[in-house]
Amino acid sequence: MATVARHTMPEPDAVTCRGADLVWHALEAAGANVVFGYPGGACLPLYDALPDHPGIHHVLVRHEQGAAHMADGYARVTGRAGVCVATSGPGATNLVTGLACAYMDSVPVVAITGQVSTPLMGRDAFQETDVLGMVGPVTKHSFLVQSVEDIEPAIHRAFAVARGGRPGPVVVDIPKDIQLRSTAARSRPEDAGALPVPGADPAGLDRAAALLAGASRPVIIAGQGVRLARAHRELRALAERIDAPVVTTLLGIGAISEEHPLAAGMLGMHGSAAANRMVNDADVILGVGLRFDDRVTGKISAFAPHAKIIHADIDPTQLGKNVPTAVGIVADAGAALFALAARLPPAERPQWRARFERDRPRPRVAEYERRVDLPPRLVIRAIRETASEGAYFVADVGQHQMWAAQHLRLTEPDRFVTSGGLGAMGYALPAAIGAQLGRPTSEVWAIAGDGGAQMTIHELGTAVQEAAPVKLAIMNNGYLGMVRQWQQLFHDGRISQTPISSPDYVKLADAYDVLGICVERRADLGRALARAKAHRGPAVLDIRIEREANVWPIVPPGGANADLIEEPVS
Ligand SMILES: Cc1ncc(C[n+]2csc(CCOP(=O)(O)OP(=O)(O)O)c2C)c(N)n1
C-alpha cells in the first residue's frame, strides 16, 4: 500500500470542502477537463459533487473497460494524462484490461476508483475488491487514500507519476467515507513535486557515438519512446546526418514519415522484409525508446547476429533486459538523439544506401488484388485515401491491425494508435472515441475486425451521447482471422472456434441511431467511405473483405526474423 506525504496548509480564508469536491478540484488543477467514467455506490459522493464542477466534462461510458481505453486514446493523441473513474468491485475490475493496455504501452492514465468505506474494508463488504492488490502488476503505482487531507496530494502525485519518466497508469482508490468527510486543509499541485528526468551519461554517449561513427551498416530502431518524447525532429536529424535507415516498432509508426527516403518500415513478426533484413545485416543498431519485445526480435539468439546494440531508453530496467547491449543510455529519447547527433560528423554510406534502396518497401499491387474483389490491403489504402489529412487511425487487434500498420503509410507524425503490448481486442472503438474527444476537430477512424468490434460495440452509445463522429470500419471476414491464420499455418489447418458470426451491423447501427453501411463489392467501397466521412455523426462500415486472406510476411513463432515467410506467389 502506498501512502502520500502530506503537504497541507490551512488556507487563509479556509472554507471546508468535502473529499468528493477535492477530487474534482484536484483533477481540474491538473488540467483534466475530460473524464471518462461510470457511477456506482462507492463513488456516489463523487457523482453527487460533479454538477458543482462545470469545468469537468464527464463522458458516461457503457462499460468501464471502455472508460480506460477512452482515457488511453485521449492521452495518446493529446499527450496529456487521460482520466477514468469507476466504482469499487466490478467497476474497478472492469478497468483492469484498459489499465494493463496503458501499462504495456506506456500511456499516462489516472484512474480514480471508489472503495467501500474504511470501517467495512477487509470484511468482504458488498462490492469490495482489493484494488491495490489487483492492479499492482498493471500499474506504475497506486494509492489508497486514507484521509480526506490526502486526496489532493495523492491525485497531484498520481499525475506526476503517470506523466513522469516512462509514462503509465496510476490508480487512486478512495474509500466512500473519505469522499464524504470535509476538511479546510488544501494542497497545491506543485506540492506533488516533479519526477526527475535523468541526464544521459556523457561517457555512454561518447561510446555510442564512437560505435556509430565506425559503423558501415547502421540501423536506427525507433519505438514508442520517440513519439512520447516528441523527438521526431531529432530522430530525422540523426538519421540524415549519419545516413542510417530507420525502422520502427508497431508503436513507433509515426516517429518518422513513412515516405521519408530513409524510412524502412516496421520490423518484427509482420514487419517488412526490408526492415527485417536490414536489421539482420546491420553492424550497429541504435534502438531508441523500445522494449525489444519478442514480436520485434523474433528468436532472441538469432536477432541482429552481426550487430552491436546501443539501447537508449528512459526506463533503466529496459536496458539489457531482452537483448545484450553494448552501450546502454538512460535518457529521454530526444535528449539522447540530439546528444548523439552533436557528437557525430555527417557521413555517407553509398553501399549500404544502395542496398537499402534495393530492398526498400514500395507500395505495390499484388497480382491477387486484381482477382479478389475486396482484398484487405486495398480496403486499408481506400480508407487512407478517403480520410482527411491529419486524420487519426485507431486499429484494433488482429490481421486488420497488421494490414493497417503495413498499408496506411502515414506521413504525419503520431496518427496511428493501437494496443501494441497487450494486444487487447475491443480497444479500437473506445480508444477512437477518447481520441475524438481529445481532438474534436480531427477525423478519427477506428479499424476493427468483426471479432474485436463485437467486444466493445456497445460504446457506440457513448459516441452517440457525446456526438463524437468516429467512423468505425469493420473488416469483416467472418473469422477471428489472426487466430485462423495461425491455425492454418502452424496447426495443420485445423480450424477450431475461429469462424464467428456477426449481427447485422447496419441494423445495429440503426438501433443506435448511427449511420450503417454494408460494403460487399469493390465498386461500392469508395462511395461508402466517402459517405461515412461526410456524415456528421458516427458511422459504421461493415466491409466484407476477402475471407481467408493472410498477413504477409510472417515470422513463424519461435523463428528468427531472417526466416520470415513472404507472401506466396500465386
Ligand atoms: C481480449 C482478447 N482476446 C483474445 C485475443 C486473441 N486474439 C488475437 S487476434 C484474434 C482474432 C481477432 O479477430 P478479429 O477481431 O475478427 O480480427 P481479424 O484478425 O479477423 O482481422 C484473437 C482472438 C486478444 N488479442 N484479445
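Computed from the coordinates by the stated procedures, all read-outs in this text should not be read as laboratory data. The model shown is predicted, which means the values in this text are computed figures rather than measured ones. Positions of Cβ are generated from backbone atoms using ideal geometry, with glycine treated the same way; all protein chains shown enter the neighbour counts.
Could you rank the peptides 348-355, 142-149, 167-174, 415-422 by their average count of other C-beta atoms within 10 Å per residue, with the highest value first? Each step should come with its number before you reach the end.
Values: 348-355: 13.4, 142-149: 22.0, 167-174: 28.0, 415-422: 24.0.
Final packing ranking: 167-174, 415-422, 142-149, 348-355.
Which whole-number percent is the relative contact order of the range 150-279 (Cα, under 8 Å, 6+ apart)?
17 percent.
Can you give me the distance in nm between label points at residue 300 and residue 536, each placed 7 Å from the Cα along the Cα-to-Cβ direction?
5.6
Taking the mean number of other Cβ atoms within 10 Å as a proxy for protection, how do you rank 226-234, 122-130, 71-79 from highest to lowest?
Descending mean neighbour count gives 71-79, 226-234, 122-130.
With the calculation restricted to Cα positions, what are the radius of gyration and Dmax of the range 329-390 in angstrom?
Here Rg and the maximum Cα pair distance are 19.9, 53 Å.
Let me confirm the definition first: pairs of Lys residues in the chain, 8 or more apart or on different chains, C-alpha distance under 26 Å. How many are there? If you can, show how the numbers build up before the last one.
Values: 140/176; 140/321; 299/308; 299/321; 308/321; 471/507; 471/533; 507/533.
Summing the qualifying lysine pairs gives 8.
At 0.36 nm per residue, minus the direct Cα-Cα distance, what do residue 343 and residue 563 gain on full extension? Give it in nm, one decimal, please.
That pair, residue 343 and residue 563, stretches by 75.6 nm at full extension.
How much length, in nm to one decimal, is gained on full extension between residue 510 and residue 213, taken as 0.36 nm per residue of separation minus their Cα-Cα distance?
Fully extending the segment from residue 510 to residue 213 adds 100.8 nm.
To the nearest 0.05, what FRET efficiency results for residue 315 and residue 527 with a Förster distance of 56 Å applied to their C-beta separation?
It comes out at approximately 0.75.
Please report 21, 450 as a ranked list, fewest other C-beta atoms within 10 angstrom at the top and most at the bottom.
Numbers: 21 20, 450 25.
Sorted ascending by nearby Cβ count, the order is 21, 450.
Over what distance in Å are the Cα centres of the range 138-161 and the range 95-114 separated?
Rounded to whole Å, the Cα centres lie 14 Å apart.
Average projected area of the Cα convex hull of the range 1-156, in nm²?
Numbers: hull surface 36.7 nm².
That works out to 9.2 nm², a quarter of the Cα hull's surface.
Expressed in nm to one decimal, what extension gain is obtained for the pair residue 351 and residue 464 from 0.36 nm per residue of sequence separation less their Cα-Cα distance? Don't jump to the answer; show the numbers that get you there.
Values: separation 113, 0.36 × 113 = 40.68 nm, distance 5.54 nm.
Once the chain is fully extended between residue 351 and residue 464, it gains 35.1 nm.
How large is Rg over Rh for the chain, taking Rg from the Cα atoms and Rh as the Kirkwood inverse mean of 1/r across Cα pairs? Mind showing how you got there, number by number?
Values: Rg = 24.4 Å, Rh = 24.7 Å.
Computed over Cα atoms, the ratio is 0.99.
When each pair of different Cα atoms in the range 9-68 is counted once in the 1/r mean, what is the Kirkwood radius in angstroms, to one decimal?
Every distinct Cα pair counted, the radius reaches 12.6 Å.
Could you work out the pair-distance distribution P(r) of the range 396-543 from its alpha-carbon pairs, with 10 angstrom bin width and percents rounded to whole numbers?
Over the range 396-543, the share of Cα pairs per 10 Å bin runs 11, 41, 36, 11, 1 percent.
If you count the DSSP beta bridges with both ends in the chain, what percent of them are antiparallel, to the nearest 5? Provide the component values of the computation, followed by the final result.
Working: 7 of 72 bridges.
If we restrict to bridges inside the chain, about 10 percent are antiparallel.
Just to check I understand the Karplus step: with θ = phi - 60° and J = 6.51 cos²θ - 1.76 cosθ + 1.60, what whole-Hz values come out for the range 381-389, glycine and proline as x?
Once θ is set to phi - 60°, the couplings for the range 381-389 become 5, 5, 4, 4, 5, 6, 5, 6, 4 Hz.
Does the range 91-194 come out rounded, prolate or oblate by the C-alpha gyration tensor, with a ≥ b ≥ c the root eigenvalues, rounded set by a/c under 1.5 and, if not, prolate when a/b is larger than b/c and oblate if not? Intermediate results must be reported in sequence, preceding the final value.
Details: a/c = 2.79, a/b = 1.11, b/c = 2.52.
It comes out oblate by the Cα gyration axes.
Just want the ordering: 344, 50, 460, from fewest to most Cβ atoms lying within 10 Å of their own Cβ.
Listing 344, 50, 460 from fewest to most nearby Cβ atoms yields 344, 50, 460.
Could you pull the Rg and Dmax for the range 284-326, using just the Cα atoms, both in Å?
9.5, 26
At q = 0.17 Å⁻¹, what log₁₀ I(q)/I(0) does the range 464-510 have when each alpha carbon counts as one equal point scatterer in the Debye sum?
So the normalised log intensities are -0.64.
In nm, to one decimal, how far is the modelled label at residue 230 from the one at residue 206, with both set 7 Å along Cα→Cβ?
In this crude spin-label approximation the distance works out to 3.3 nm.
Using Cα-Cα distances under 8 Å and only pairs 6 or more residues apart, what relative contact order does the chain have, in percent?
14
Starting from the 7 Å offset along Cα-to-Cβ, what nm value, one decimal, do you get for the label separation of residue 259 and residue 372?
About 2.7 nm separates the two model spin labels.
For the chain, what does the helix formula give at 222 nm: sum of -39500 (n - 2.57) over DSSP H segments with n ≥ 4, over the residue count, nearest 500 deg cm²/dmol? Mind dumping the intermediate values first?
Values: 23 runs with 211 residues, N = 570.
The helix contribution divided over the chain gives -10500 deg cm²/dmol.
Evaluated at 25 °C with a viscosity of 0.890 mPa s, what Stokes-Einstein diffusion coefficient in µm²/s does the range 284-361 have when Rh comes from the Kirkwood expression over alpha-carbon pairs?
Working: Rh = 14.0 Å.
Taking Rh from Cα pairs, D becomes 175 µm²/s.
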